[in-house]
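Novice: Okay, handing you the structure first.
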Amino acid sequence: MQVPAPVEYERATSVDDAIAKLERYGPEARLIAGGHSLIPMMKLRLARPEVLIDINDLTDLAYIKREGDELRIGAMARHRDLLESHVAFEYYPIFRDAEEVIADPVVRNRGTIGGSICQADPSEDLSAAFAAVKADMVIQSSSGERIVPNPEFHRGPYTTAVGDGEMLTEVRVAIRPGCGSAYEKVERRVGDWAVTAVGACIQLDGDTITEVGIGLAAVSAQHFRSAGAEDILRGGPATEEQFAAAAAAAAEGCNPSSDQRGPADYKRHLARVLTLRALRRATARARGQEA
Amino acid sequence: MQVTMTVNGKEVTRDVEPRLLLVHFIRDELGLTGTHWGCDTSNCGACVLWMDGEPVKSCTVLTPMAAGREIRTVEDLEQDGVLDPIQQGFVSQHGLQCGFCTPGMMMTCRHLLDHNPDPSEHEIRVAISGQICRCTGYENIVRSVRWAAEHTTSEEVSA
C-alpha cells in the first residue's frame, strides 16, 4: 500500500492567496493542482512536502484563449481542455497530437498543464512541445509577474525557474503566420512515458524555413530542445535532404540512457526517425496540406 | 481535519488525515467497497469514480481535495432496484469474469454514454484505454457498452 507521508493541507482562494501561503509556509510547502504528478511522487516518498496548498479552486486560471497575437494557456487548464481546445488546435495542432498520447483519458480529466510542466519530468511531453513552439512561461510572485522564455524555464530534471514563493500562472505562445506543428511519440502502451518523442514547429515563407523549433522528450536533450537541428534548418529550404540532416543532428545532440523502456541506441534511432516524421507533418500543415 | 462531501447524493462528514487517499476514504470510512483499490499508481483504473461529474482515479486524489465536491460511485448506478443499462450490458454481454476492473470500467463508460450516446468501437476503446482488464481481452467490454448504447429505456434493459 502506497501512502504519502503526513502532510498539512490548505486551500488557496486566489493566486494572491496561494502566493501568500507559499511565503508563509516556506520552501517545504508545495502547490497541488491535479495531483497526478505530485501524489505519485509523495506515495513513493520522492516528494515529502510539509504543507500542500490546493489550487483547484482557481478556476479562473483554467482558460485557453487567443489574446492579440498570442495563444494563452492558463496553468489550471486540464490536459483534456488542451486536447479539446479548438483555438489551440487552430494555431498549434502539435498540442492535440501530444495530448492524445499524454497519460490516458481519465488522468487527463485531472492533470493540469501547469502541474505537468512544473513537475519537469525529463520524459514529459508538453515540455518538449512547448520547447518546439518556443513558449514563454509567466511566473507570479508577491512582487509581480515575470516572463521566462522557454529555454530558461527548465533547469534540469524536476527543476524549473519557479522559485520559492512563486507560481506559474500562464503559458504564452506567439501566433505565427505560415506556421505548422506536429508531435510524434513512441510509447510502450497507453499511459506510459515516451520511449522517445519529438515535436516540431516550422514557419515557412514560400519554401524557405524562416523559424523552426525542435523539442525532444525522454532523451536528455538540453532544455528539451535540439538547437543544432534548428540551426541546420533555419533560413534554408524545406526539403527532405535538409530534414534528414536536421534529424541526424537531433539524434546526435541528445543523450539518451538505457533503461526499461529501451537501449540508448534505439532511443537515438527513434529521435532521428521521429524528428523526420514531425518535420514532414509540420511542413505539410504549414502548407495547408494536412490537418 | 474535518471534511464534508456529497457521496451518491448524501452529505458525509468525517475527521481524516489529509494524506488519506480518496479510494481508502470511500472504501474504509464509508464502507462503499464497490470502488476497487488496484494498482495504487493511477494505471489500472479499478478505482475510477466521478468527482463533480468527471471520472477520476481515486487512488490519486487526496480526501481533502474532494471536500465540497460531489462524488458518485458504482453503488449509485442502480436506482430503485433497476440496473443501469451499462450494468445490464455487462451482464448480458459477459463483460466481466473476475469483476475486479468492472466498477471502474462501468463508471468510465457511463460517463462516455452520457456525453456520446452512440460511441464507435474505437471511441469506446479510447475511453477505457487507461483501465486494465486481464480477463476479457476488452472485446466483451466493448460489446457491453454497445449493448448499453442500444438499450436505453428501463423496459429494454430489464426485458
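The values are calculated or read from the model by the stated rules, or taken from the named source; none is laboratory data. Computed from a predicted structure; not experimentally measured. Ideal geometry is used to build each Cβ from the backbone, glycine not excepted, and the neighbour counts take in all protein chains shown. Surface accessibility is based on the protein's heavy atoms, side chains included, excluding ligands, DNA and RNA. Shrake-Rupley method; radii C 1.70, N 1.55, O 1.52, S 1.80 Å.
Novice: Taking into account only those residues within the range B:68-83 that are without any contact (Cβ under 8 Å) to a residue 60 or more places away in the chain and in contact with an Asp or Glu (Cβ under 9 Å, 6 or more places away or on another chain), which is surrounded by the most Cβ atoms within 10 Å (Cβ to Cβ)?
Specialist: My answer is B:L77.
Novice: Specify which of the listed residues (A:A250, A:A278) is surrounded by 23 or more Cβ atoms within 10 Å (Cβ to Cβ), touching a helix residue (DSSP H, G or I) at 6+ places or on another chain (Cβ under 9 Å), in the same structural domain as A:D207 (by TED's automatic domain parsing) and over 25 Å from A:E90 (Cα atoms).
Specialist: Only one candidate passes the filter, namely A:A250.
Novice: Take the residues in the range B:16-67 that are open to solvent by 40 Å² or more (accessible area, probe 1.4 Å) and more than 26 Å from B:L112 (Cβ to Cβ); name whichever of them is farthest from the other protein chains (Cβ to nearest Cβ).
Specialist: Of everything passing the filter in the range B:16-67, B:G31 is farthest from the other protein chains (Cβ to nearest Cβ).
Novice: For the range B:120-145, name all the residues that are open to solvent by less than 10 Å² (accessible area, probe 1.4 Å), hydroxyl-bearing (S, T, Y) and not in a helix (DSSP H, G or I).
Specialist: Result: no residue meets the conditions.
Novice: How many residues does the range A:72-87 hold that are β-branched (V, I, T) and farther than 14 Å from A:V138 by Cα?
Specialist: Summing the residues that are β-branched (V, I, T) and farther than 14 Å from A:V138 by Cα in the range A:72-87 gives 1.
Novice: Within the range A:149-158, is there a residue that is surrounded by fewer than 20 Cβ atoms within 10 Å (Cβ to Cβ), in contact with a helix residue (DSSP H, G or I) (Cβ under 8 Å, 6 or more places away or on another chain) and either among the small types (G, A, S) or within 14 Å of chain B (Cβ to nearest Cβ) (or both)?
Specialist: Scanning the range A:149-158 turns up no residue that is surrounded by fewer than 20 Cβ atoms within 10 Å (Cβ to Cβ), in contact with a helix residue (DSSP H, G or I) (Cβ under 8 Å, 6 or more places away or on another chain) and either among the small types (G, A, S) or within 14 Å of chain B (Cβ to nearest Cβ) (or both).
Novice: Inside the range B:29-64, can you point out the residues that are touching a Pro at 6+ places or on another chain (Cβ under 9 Å), among the β-branched types (V, I, T) and under 15 Å from B:V7 (Cα atoms)?
Specialist: B:T35, B:V48, B:T63, listed by residue number.
Novice: If A:Q203 passes every condition in (1) in a helix (DSSP H, G or I); (2) open to solvent by 10 Å² or more (accessible area, probe 1.4 Å) but one, which one does it miss?
Specialist: (1)
Novice: Look through A:R48, A:R80, A:R66 and report the one residue that is open to solvent by 20 Å² or more (accessible area, probe 1.4 Å), in contact with a helix residue (DSSP H, G or I) (Cβ under 9 Å, 6 or more places away or on another chain), of a type in the set (D, E, K, R) and assigned to a loop (DSSP other than H, G, I, E, B).
Specialist: A:R48
Novice: How about the range B:85-119: which of its residues are without any contact (Cβ under 8 Å) to a residue 60 or more places away in the chain and outside any helix (DSSP H, G or I)?
Specialist: B:Q93, B:H94, B:G95, B:L96, B:Q97, B:C98, B:G99, B:N116, B:P117, B:D118, B:P119
Novice: Quick check on the range A:8-29. Is at least one of its residues open to solvent by 40 Å² or more (accessible area, probe 1.4 Å), in a loop (DSSP other than H, G, I, E, B) and away from chain B (no Cβ under 12 Å)?
Specialist: yes
Novice: Do you know which residues across the range A:206-219 are open to solvent by 10 Å² or more (accessible area, probe 1.4 Å) and more than 28 Å from A:E187 (Cβ to Cβ)?
Specialist: Scanning the range A:206-219 gives A:G206, A:D207, A:T208, A:T210, A:E211.
Novice: If the Cβ limit is 6 Å and pairs must be 6+ apart or interchain, which residue in the range A:174-203 that is within 14 Å of chain B (Cβ to nearest Cβ) pairs with which residue that is in a strand (DSSP E or B) and open to solvent by less than 10 Å² (accessible area, probe 1.4 Å)?
Specialist: A:E187/A:A194
One line per residue, one yes/no per condition, for (1) away from chain B (no Cβ under 11 Å); (2) without any contact (Cβ under 8 Å) to a residue 40 or more places away in the chain; (3) under 28 Å from B:A46 (Cβ atoms):
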| position | (1), (2), (3) |
| --- | --- |
| A:P40 | no, yes, yes |
| A:D57 | no, no, no |
| A:M76 | yes, no, yes |
| A:I113 | yes, no, yes |
| A:Q119 | yes, no, yes |
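Novice: Evaluate the range B:20-29: report whether one residue or more is in contact with a Lys or Arg (Cβ under 8 Å, 6 or more places away or on another chain) and under 28 Å from A:D104 (Cα atoms).
Specialist: The answer is yes; a qualifying residue exists.
Novice: With respect to the numbered conditions (1) open to solvent by 60 Å² or more (accessible area, probe 1.4 Å); (2) modelled with pLDDT of 95 or more; (3) under 22 Å from A:S127 (Cα atoms), which one is the sole condition not fulfilled by A:Q222?
Specialist: A:Q222 satisfies all of (1) open to solvent by 60 Å² or more (accessible area, probe 1.4 Å); (2) modelled with pLDDT of 95 or more; (3) under 22 Å from A:S127 (Cα atoms) except (2).
Novice: Going through A:E84, A:E145 one at a time, which residue ends up being within 14 Å of chain B (Cβ to nearest Cβ), out of contact with any Gly (no Cβ under 9 Å at 6 or more places or on another chain) and modelled with pLDDT of 95 or more?
Specialist: Only one candidate qualifies: A:E84.
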